[in-house]
1. Take the residues of segment B:251-272 that are at the interface with chain A (Cβ under 9 Å from one of its Cβ atoms) and part of a loop (DSSP other than H, G, I, E, B): which is farthest from the chain's Cα centre (by Cα)?
2. Among the residues that make up segment A:144-153, is at least one of them closer than 30 Å to B:Pro264 by Cβ, in the same structural domain as A:Val48 (by TED's automatic domain parsing), out of contact with any Pro (no Cβ under 6 Å at 6 or more places or on another chain) and not hydroxyl-bearing (Ser, Thr, Tyr)?
3. In the list B:Arg18, B:Arg74, B:Arg60, which residue meets the criterion of being more than 29 Å from the chain's Cα centre (by Cα), closer than 22 Å to B:Pro112 by Cβ, of a type in the set (D, E, K, R) and more than 14 Å from chain A (Cβ to nearest Cβ)?
4. With over 19 Å from B:Asp143 (Cβ atoms), in contact (Cβ under 8 Å) with a residue 60 or more places away in the chain, of a type in the set (Val, Ile, Thr) and in a strand (DSSP E or B) as the only criterion, which of B:Ile92, B:Ile12 stands out?
5. Take segment B:245-267 and flag every residue that is out of contact with any strand residue (DSSP E or B) (no Cβ under 8 Å at 6 or more places or on another chain) and either touching a residue at least 60 places away in the same chain (Cβ under 8 Å) or charged (D, E, K, R) (or both).
6. Sort out which residues of segment A:463-494 are at positive phi and without any contact (Cβ under 8 Å) to a residue 60 or more places away in the chain, and write them in order of number.
7. Would you pick out the residues in segment B:205-238 that are of a type in the set (D, E, K, R) and touching a residue at least 12 places away in the same chain (Cβ under 8 Å)?
8. Among the residues of segment A:263-304, which ones are of a type in the set (D, E, K, R), assigned to a loop (DSSP other than H, G, I, E, B) and surrounded by 17 or more Cβ atoms within 10 Å (Cβ to Cβ)?
Amino acid sequence: MSDDATSVFVNPLRDPQDRRLPRIAGPCGLVIFGVTGDLSRKKLMPAVYDLASRGLLPPGFSLVGYARRDWADQDFAQVVHDSVKEHARTEFREEVWKQLAEGIRFVQGDFSDDVAFDQLRQTILDLDRVRGTRGNHAFYLSIPPRFFSDVIGQLKEHGLTDPKPGAWRRVVVEKPFGSNLETARELNAIVSEVFPPDSVFRIDHYLGKETVQNILAMRFANAMFEPVWNANYVDHVQITMAEDIGIGGRAGYYDGIGAARDVIQNHLLQLLALTAMEEPTSFDAKSLRIEKQKVLESVVLPRRLDLATARGQYTEGWSGGVKVPGYLEEEDIPGSSHTETYAAITLGVETRRWAGVPFYLRHGKRLGRRVTEVAVVFKRAPHLPFSATATEELTQNALVIRVQPDEGVTMRFGSKVPGTAMEIRDVNMDFAYGGSFTESSPEAYERLILDVLLGEPPLFPRHEEVEQSWKILDPIVDYWAEHGKPDTYEAGTWGPASADKMLARDGRVWRRP
Amino acid sequence: MIELNDTTSSAIAAEFVRARRRAGSPAMGMVMTLVFVVEEEDAETAMDIARSASREHPARVLGMILGDGRGAARVDAKVGIGSGWTGETALITLSGAVTKHPESVVLPLLLPDSPVVVWWPSRAPADPAADPLGRLARRRITDAAAVRTGKAKAMLTQCRAYAPGNTDLAWTRLTGWRALLAAALEQAQSKVTAASVSAERISPSADLLSAWLSDRLKVKVARRGSEGPGITRVVLTTKQGDIVIARPDGKLATLSAPGEPDRPVALKRRELDELLSEELRRLDPDEVYARTVKRMVKEDAK
């Protein structure tokens, strides 16, 4: 390439002070397996377009689709075109499309098809030649995990996983990362046999969300929160992810997996880690991982799993003015299913900072509304110099990080009611990222795809974290499997009565988020 | 919009609070005050742009129209809060002697403890940092390409008057070009021995781009004329050959580099609201811009 390649080339046009210039990934391409799926059409392709539209993709960026459909390149390009038009965040512009369209390819085949993988190899070599992608390619496996072994085996066999010197090959996998510790390890063995740890990107799209990243900014960039962020002041923490929808078309995947494995193992434990971890020495991937890993290792389960966990299954009911069927009446769900659609668990974090502070995690489908939040609930003031009647309506102070929707932060504290008598009542102070502000804030997938192309892993969980999370969850799920069946709750409500009792035993109540 | 005729700053401030309460939410989520100074006929357009740009950064937007300096001093205002948007706006017309003291009207209306940005959509003072309104601000934004008279010299005037916190939208218009050039050079990994910029004859952006390239690459940059629109072609010459970015239509560029296939790249000329949004993202002085204008002044002196 260049005559002075031996000495390191310093780009004179780059300057660390020049913060207007975006980080653009080097020449590269993205290969998506399972390109006909919903995720690919609704999230991945629009995110690729939005990145291009923001000028963050390298010239010559190429997108290869791999699926069983009998498509030519143009047919696939048309699919990308339509999905981008429908789902992209930024305005559709012809010139951005032109930049992308030239690099779109399609390879037809199933996951064990030698001929097709050979063709994929040819396609990639071809792209390196006509688009200048220089052998840098990321493989996005948007496919069920049972096919991982086939695809990764084929990639290896056809020499697609060994980059030539100076180039890279990366692999991107989506959750679920296994369904328990054992399968997670098997899955990791398959991937890590072929790709080194730094080339494996596990996507947990929650970690790409602005509000989730803001947890770190809020905790570690400010002076006023961290001093009270411990067991001296915090009474307990509630982490909630509620969905108002049912299982939709995911019956095949969902039944037998259930709420705890589907969501608590990944999203909620990651939120717990970010909320509870100590300050990392810096914000690079390694330092963040060390702190997350540490706090996940300090998580302990309560002694009595029967008293400190709860699970439920929704029954027929009215949800937001619509009559909806119960879980057992959903299509393709066996009437005898014991899969939980609601799970609540109590966890402890055995560190000096958090000893004695319970973390309550809950997730459910067909709940009151769609919301994800982390609520840090503080202890009552040790002494109230007011009469009991004056503070009757004062509850505990709370700081709530609203992850979605209506992203922002809420603080709840007591305030005097105007009037002659001293009467104190809860009030809320809201910080909103703002309806309009979030319009322009990038979609999580954009951030994550860009990070994959740039090779920056801070927002991706490593297999150690995944395995640690399964170690926390496995005993609970096993206990459930051996003891009875889920309680029931009416669709459109806030979960089974047993979950309320679980908190009542500790003298606490769930927030209505 | 509420019209306040022959009014004062405190009446305008009170109207902001009343308007918010009427809308049902007394909460303020605004992060800055954006002041712009315009002629009456451009006021509506500028307000639309400011409103759109401040979506990303909810702001109190104060549009200042400095009217006829003769006659009795008088302040008129149209005050409103956005619907579907968190900011506040006031379009304030000054006439009479108060046109010489606009800062006295603006000062009481600045949001407490948050940054102030002044934007001159068209004609700007020769030294923005010394301007009575400019002095209140941490960031001062001019647009040399939008002045109506003395276009050819406008950019150089702003370069000479540079003070930390000043930027010109001619610089903002270059971000896409600069990002692409930096990316292209990263791929080429080679020393640049010469460069050229082709653009419309009067193009403040092209002047700045030449100055930036010569400052960073330590080479002489040739400036060539073309029909436009804007900048049409940039060439970086290396030992292996030329890296060329050509954008004949103001939208889609082609990147050519030695040993690489030609590739199309979207490089659209951006609208004013997008440019202003980019400016509002950074409220600290732009050091790279500072070095670039210094270079431009130096080259001009030669």
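The values are calculated or read from the model by the stated rules, or taken from the named source; none is laboratory data. Everything numeric in this text was worked out from a predicted model, so none of it was measured. Ideal geometry is used to build each Cβ from the backbone, glycine not excepted, and the neighbour counts take in all protein chains shown.
1. Going through the qualifying residues, I end up with B:Gly259.
2. Among the residues of segment A:144-153, not one is closer than 30 Å to B:Pro264 by Cβ, in the same structural domain as A:Val48 (by TED's automatic domain parsing), out of contact with any Pro (no Cβ under 6 Å at 6 or more places or on another chain) and not hydroxyl-bearing (Ser, Thr, Tyr), which makes the answer no.
3. B:Arg18
4. B:Ile92
5. Answer for segment B:245-267, where residues must be out of contact with any strand residue (DSSP E or B) (no Cβ under 8 Å at 6 or more places or on another chain) and either touching a residue at least 60 places away in the same chain (Cβ under 8 Å) or charged (D, E, K, R) (or both): B:Asp249, B:Glu260.
6. A:Gly484
7. We begin by selecting, within segment B:205-238, every residue of a type in the set (D, E, K, R); these are B:207, B:215-216, B:218, B:220, B:223-224, B:227, B:233.
Across segment B:205-238, the qualifying residues are B:Asp207, B:Asp215, B:Lys220, B:Arg223, B:Arg224, B:Glu227, B:Arg233.
8. none
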